[in-house]
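Visitor: Have a look at this one before I ask anything.
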Amino acid sequence: MSIVDQCEREIVRFHKVFADWLRGDIPDTDEAFEAFRGSLSRDFVMVVPQGRLLRYPELIRAVRDVHGQRADTENYRIWIEDVEVQVDHEDAIMATYEEWEVAGSERQGRLSSALLVFDDTMPEGLQWRHLHETWLPQP
């Protein structure tokens, strides 16, 4: 498998877990939540589209609290487009991609840059270290 394929598989897998959590398609248990939490380095940081920095503990609390929040949202889904590996280093990959979300009749997108470090214990061999999201113009 190419590094681009490996990276894309992890990005898609991670966002599927997040969407399943938001819809309540997976149970609200520590074991189920580990698919999200375990994907992130304990040093993980995220810059959200509003320009705020979230560190690992704050992000984990926030995501844990939104289980099932989209359960009643018509046609809720997240999908990934245009994954590109920008930097392929011996220890890490920096990739960009578009994340699209539909909730009812609303659609919004984010342009994201992610730093993923190689880790053989992770499902796709990559662990999330940094994520920066920026709003895309409405289609």
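Visitor: Restricted to the range 1-19, and to residues that are of a type outside the set (A, V, I, L, M, F, W, C) and surrounded by fewer than 16 Cβ atoms within 10 Å (Cβ to Cβ), which residue is nearest to the chain's Cα centre (by Cα)?
Guide: Asp5
Residue-wise test of (1) touching a residue at least 40 places away in the same chain (Cβ under 8 Å); (2) buried (at least 17 other Cβ atoms within 10 Å of the Cβ).
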residue: Gln69; (1), (2): yes, no
residue: Glu74; (1), (2): no, no
residue: Met94; (1), (2): no, yes
residue: Ser105; (1), (2): no, no
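Visitor: Here is a follow-up. Hey, among Glu84, Glu98, which residue is farther than 17 Å from Phe18 by Cβ and among the charged types (D, E, K, R)?
Guide: Glu84
Laboratory data are not the source of any read-out in this text; all were calculated from the coordinates shown. None of the values given here were measured: they were computed from a predicted structure. Methodologically, a virtual Cβ is constructed for each residue, glycine included, from the backbone with ideal geometry; neighbour enumeration extends over all protein chains shown.
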